[in-house]
1. Tell me, what % of the accessible area of the range 47-113 is carbon and sulfur with a 1.4 angstrom probe?
2. Please give me the summed charge of the neighbours of ASP65: other residues whose Cβ is under 15 Å from its Cβ, Lys and Arg +1, Asp and Glu -1.
3. Net charge within 10 Å of SER6 by Cβ-Cβ distance, Lys/Arg positive one each and Asp/Glu negative one each, not counting SER6 itself?
4. Grab the Cα-Cα distance for TYR28 and ALA96, subtract it from 0.36 nm times how many residues apart they are, and report the gain in nm with one decimal.
5. Where the eigenvalues come from the Cα gyration tensor of the range 37-123, what are the semi-axes √(5λ) of the equivalent ellipsoid, largest first, in whole Å?
6. Which value, to two decimals, describes the C-alpha radius of gyration of the range 50-97 once divided by 2.2 N^0.38 Å?
7. Can you compute the FRET efficiency between LYS42 and TRP9 using 1/(1 + (r/R0)^6), with r the Cβ-Cβ distance and R0 = 30 Å? Round to the nearest 0.05.
8. Which of the trypsin sites (Lys or Arg not before Pro) found in the range 38-111 are loop residues per DSSP with 16 or fewer other Cβ atoms within 10 Å of their Cβ?
Amino acid sequence: MAVTASKTWVAGEVLTASDLNGEFLNVYGNGETLGWPATVSKNFAGNTLTLDADGDTTLTADTDDRIDLALSGVDLFRFDGTVTSPVNGYDFIASATGVMPNVTVISTADTNVDFNIIPLGTGNITQAGTRVLLLGDESTAQSILAGQIFG
């Protein structure tokens with residue numbers, strides 16, 4: 001919906017101060033509609049969209065083909081599509097009580113897609129507090145396997 005005139009003018013009519021003030025109030029009171037009608041897309045052109053009252057939760061796309069979500073002023077989530085030909089993505093699916101949430105690989109071109117999780121430095125990948133076997137990590141393979149079999 002767009003801002004509409006508060007008065008229909010007739011040829012030869014004299015503009016009064018109250019008519020002019022009424023039009024300004026109409027524009028000021030409907031500024032969001034004037035600046036960003038729901039029927040029109042908005043180009044942020046790399047600027048920040050602030051999501052919370054204290055200004056530290058933001059969404060930015062200041063790098064080509066990448067979106068950063070900051071919480072408490074820190075970029076904690078990055079959605080990166082800068083590969084040459086992106087075809088694979090992820091679904092993040094919430095769950096009901098007692099049901100595991102899912103992170104699922106989605107694809108428009110591939111039928112079998114691996115899921116790669118990369119810890120930082122010497123960090124480990126864990127499942128419920130237990131270290132998960134990493135490919136080529138033979139020293140812990142037997143103990144993890146034994147723990148899974150014998151509990």
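The values are calculated or read from the model by the stated rules, or taken from the named source; none is laboratory data. Since we're looking at a predicted model, the values are computed, not measured. Note that we place each Cβ from the backbone using ideal geometry, even for glycine, and neighbour counts take in every protein chain shown. In case anyone asks, the SASA skips ligands and DNA or RNA and just uses the protein heavy atoms, side chains included. Shrake-Rupley method; radii C 1.70, N 1.55, O 1.52, S 1.80 Å.
1. Details: 2780 of 5210 Å².
After summing per-atom areas, the C and S share lands at 53 percent.
2. Residues near ASP65 contribute -2 overall.
3. Values: positive: LYS7; negative: ASP19, GLU23.
Spelling it out: positives minus negatives among the neighbours equals -1.
4. 20.1 nm
5. Values: eigenvalues 138, 75, 58 Å².
Value: 26, 19, 17 Å, ordered largest first.
6. 1.41
7. It comes out at approximately 0.45.
8. Passing sites in the range 38-111 are LYS42.
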